[in-house]
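K.L.:
The following block contains the structure, expressed as structure tokens.
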Amino acid sequence: MTYSEKPRSNAWFLLPVFLGIIGGIIAYFILRNDDPHKAKNCLYLGLVLMGIGIIFNMLVASSIPGMESGFNVNV
């Protein structure tokens with residue numbers, strides 16, 4: 001098992017938590033040379049949170065009554 005040359009803080013996981021997949025990509029490119037295992041985990045965390053966000057938005061959008069095509073707009 002190889003260890004990274006520069007151990008990085010676990011605070012890097014906050015970047016994908018707050019910025020989603022964009023934060024995961026940023027963390028991956030910053031950490032990939034110093035701590036590749038943590039870099040991959042940040043990227044995976046961003047992907048998982050993006051998927052959870054999409055599913056949550058689909059559930060919320062489907063539960064709103066009156067969301068029909070046209071939205072009752074008279075043009």
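K.L.:
Name the residue, out of Gly51, Gly70, that is modelled with pLDDT of 95 or more and of a type outside the set (A, V, I, L, M).
P.N.:
Just one listed residue meets the conditions, Gly51.
K.L.:
On to the next question. Which of the residues belonging to the range 1-20 are open to solvent by 100 Å² or more (accessible area, probe 1.4 Å), among the hydrophobic types (A, V, I, L, M, F, W, C) and part of a helix (DSSP H, G or I)?
P.N.:
Result: Phe18, single match.
K.L.:
Looking only at the range 21-50, which residues are among the hydroxyl-bearing types (Ser, Thr, Tyr) and crowded, with 18+ Cβ neighbours inside 10 Å?
P.N.:
Tyr28
The values are calculated or read from the model by the stated rules, or taken from the named source; none is laboratory data. Being a predicted model, the structure only gives us computed values, none of them experimental. Positions of Cβ are generated from backbone atoms using ideal geometry, with glycine treated the same way; all protein chains shown enter the neighbour counts. Just the protein is used for accessible areas: all its heavy atoms, side chains included, with ligands, DNA and RNA removed. Shrake-Rupley method; radii C 1.70, N 1.55, O 1.52, S 1.80 Å.
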